[in-house]
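All remarks here apply to the structure that follows.
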Amino acid sequence: MVNWDSNVFPGILGRTCDRPCEPACRRGRIDEEPVAICRLKRVAADNRDEVKHLMPQPPFKPNGKKIALIGAGPASLTVARDLAPLGYELHLFDEQFKGGGFMRSQIPSFRLPETVLDEEVDYILDLGIQTHFNRYVSSLKEVLDAEYDAVFVGTGAPRGRDLPDLPGRQEGDANIHIGINWLASVAFEHTHKIGQTVIVLGGGNTAMDCCRTARRLGGEDVKVIVRSPFATMKASPWEKEDAMHEDIPIIDNHVPKSFVIEDGKLAGMTFEKVEAIYDENGKRSLVPTGEPDVFFPADDVLIAVGQENAFPWIERNLGIDFDKWEMPVVDRTTFQSTNPRVFFGGDAAFGPENVITAVAHGHQAAVSIDLFCHGKNLLTERLPPFVNLQSVKMGIHEWAYDSKIDEYDRLRVPQAPKTRTLVNRKQEVELGFDQLDGYKEAMRCLNCDVQTVFDAPKCIECDACVDICPTSCITFTAFELEGGDENDLRGRTKVPALNSTQALYIQDNLKTGRIMVKDEDVCLHCGLCAERCPTAAWDMQAFWYNVTKADGHKYGPTVTGNLVQIQRDGNAAV
């Protein structure tokens, strides 16, 4: 339920999330592999008890406000989830026959089983959402004229980019497919097979989904060909690994030159070999190597070179401004367009992103819609996040959390054998952690939510914490903060603090005139400093950070405890 409250789709995201949180995980700074946060969310979702009775229970008391949600993807569904319990009459429109948006049409079922998708979408629809599926909205003006108090547009980025000017494109059209359209055709069971030899153009996650799907629909020789170097492809590293595990080669540094047509039919493609050259500013250029063009045969080609937004159904006289790229002008805080009644989110707001970003947009758009419908200012009356800091010390040497740091390497998620997965496109590849492995992986967490908090007046400067720290992250040194150079300070720490992107934790006002410096980059949050301190100058405090949701205007933010913020002023550490 904790996951459901914030991430909305724990089972879906536990399988498909782009994992923006994991690069920030400090475990990855200790032993190079972050905690498998994404896959642990799946463990929680797959092993949950019955939760339906814990969710908001309709019917809800009507508040007299009526909202239209156009597009049934993750952004719109999040808005619906947040606003339904507040009494809004919500109408959800989508041209598909079920909710889910691109989660249904573009994420293959071997990554996201339809049963998981249906269940988590239905949790939201069962809150009393009025659905209008199989209905394409052809005019925003008609929607606005239907007396909705506000409209949320979450239609995604539905147009796949093409290569219309490449020679042979028109002649080979029957066997050249736009990637996202082809994935949707497979998902809705309009397409059941593909040629034996397949080329996939593109280096993003959609290209990885295309090539892996092609393997399951009869493609025996499937290859991904991308213009960029392998290391700079947009696809997630694990997506590339999964494709290569299924015997799909990724050929980089090849720029498409033409589709080759023989006897009126697609025969393959030619490519120019390039290399990446970087100038003094780090800007990349792809320069031909001068080698002969390369020909690859193909029965079919899937083009997955990007997606674009498309708003032909939005009239241009409704007070909604569009920029030079034909994108709506949307406020990045409120998600309100230049027409106060119309809000955008997900890929429809700022271009293609991912599911978790769409969820974040949905939460914030719901806050704005709620404020707007109550006549409040969307910026000045928008509450900041809820922050709480509280000691977790239970006794002189007891903590309310496990301070043991396990030395497990990151566990690998088990996969079904290729003999099963490549013959059945609905066979899920990743099987997920069992509960024991989930527990082991969770124990790799360094408890970043439990902060080391230093109370300078209590410190007797015995340096016992310095001696006991297993990573030597604590330093007491003479340093003048006013006008001091941060790089100089980083060099004075017991072990040089080299990661300048991680702020130092600094406390002055010590009796000897020294300052305490802690390198948060390598702190394990083990609590040994607090255990060893004879005067309780160190404490371990649990830190809770909750983003305010649509009902947050009813409750003020709470700040308790002692939170020290580190700011930078030029080169000085303050």
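Annotations for the structure displayed:
- Being under 27 Å from residue 353 (Cβ atoms) and without any contact (Cβ under 8 Å) to a residue 12 or more places away in the chain is a condition met by at least one residue of region 152-170.
- Remark: residue 30 matches the filter, which requires a residue to be part of a helix (DSSP H, G or I) and more than 30 Å from residue 335 (Cβ to Cβ).
- Once region 453-496 is narrowed to residues that are over 19 Å from residue 538 (Cβ atoms), among the aliphatic types (A, V, I, L, M) and in a loop (DSSP other than H, G, I, E, B), the residue that is nearest to the chain's Cα centre (by Cα) is 481.
- Only residues that are among the small types (Gly, Ala, Ser) and either surrounded by fewer than 17 Cβ atoms within 10 Å (Cβ to Cβ) or out of contact with any strand residue (DSSP E or B) (no Cβ under 8 Å at 6 or more places or on another chain) (or both) were counted in region 208-248, giving 4.
- Within region 318-367, the set of residues being closer than 24 Å to residue 10 by Cβ and among the polar types (S, T, N, Q) comprises 354, 357, 364.
So that you can scan it fast, the table gives a plain yes or no per residue for (1) assigned by TED's automatic domain parsing to the domain that holds residue 450; (2) under 28 Å from residue 160 (Cβ atoms); (3) not in a helix (DSSP H, G or I):
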residue: 340; (1), (2), (3): no, no, yes
residue: 343; (1), (2), (3): no, yes, yes
residue: 348; (1), (2), (3): no, yes, no
residue: 352; (1), (2), (3): no, yes, yes
residue: 358; (1), (2), (3): no, yes, no
residue: 362; (1), (2), (3): no, yes, no
residue: 369; (1), (2), (3): no, no, no
residue: 380; (1), (2), (3): no, no, yes
residue: 383; (1), (2), (3): no, no, yes
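- One residue from 198, 151 being under 30 Å from residue 89 (Cα atoms) and either of a type in the set (A, V, I, L, M) or touching a Cys at 6+ places or on another chain (Cβ under 7 Å) (or both): 151
- For residue 291, the requirement of being closer than 23 Å to residue 229 by Cβ, among the charged types (D, E, K, R) and either in contact with a helix residue (DSSP H, G or I) (Cβ under 7 Å, 6 or more places away or on another chain) or without any contact (Cβ under 8 Å) to a residue 40 or more places away in the chain (or both) is met.
- Taken together, 266, 302, 286 contain a single residue that is assigned by TED's automatic domain parsing to the domain that holds residue 218 and touching a Cys at 6+ places or on another chain (Cβ under 9 Å), which is 302.
- Count of residues meeting criterion [more than 20 Å from residue 75 (Cα to Cα) and basic (Lys, Arg)] in region 4-41: 4
- Residue 447 being modelled with pLDDT under 95 and under 30 Å from residue 15 (Cβ atoms): yes
- Top-ranked residue in region 534-554 [being part of a helix (DSSP H, G or I) and at pLDDT below 85; ranked as surrounded by the most Cβ atoms within 10 Å (Cβ to Cβ)]: 552
- The sole residue among 72, 68 that is assigned to a loop (DSSP other than H, G, I, E, B) and either among the small types (Gly, Ala, Ser) or farther than 28 Å from residue 316 by Cβ (or both) is 72.
- The selection criterion, being modelled with pLDDT under 95 and closer than 23 Å to residue 337 by Cα, holds for residue 158.
- Scan of region 1-27 for residues that are within 15 Å of the chain's Cα centre (by Cα) and assigned to a loop (DSSP other than H, G, I, E, B), ordered by number: 8, 9, 17, 18, 19, 20, 21, 25
- Breaking point among (1) touching a Lys or Arg at 6+ places or on another chain (Cβ under 9 Å); (2) without any contact (Cβ under 8 Å) to a residue 24 or more places away in the chain; (3) not hydrophobic (A, V, I, L, M, F, W, C), for residue 56: (2)
- Residues located in region 104-135, provided they are in contact (Cβ under 8 Å) with a residue 60 or more places away in the chain and of a type in the set (Ser, Thr, Tyr): 105, 109, 123
- When each of 64, 71, 101 is tested for being at positive phi, surrounded by fewer than 19 Cβ atoms within 10 Å (Cβ to Cβ) and of a type outside the set (Ser, Thr, Tyr), the lone residue that passes is 64.
The values are calculated or read from the model by the stated rules, or taken from the named source; none is laboratory data. Being a predicted model, the structure only gives us computed values, none of them experimental. Every residue, glycine among them, receives a Cβ derived from its backbone with ideal geometry; neighbour counts consider all protein chains shown.
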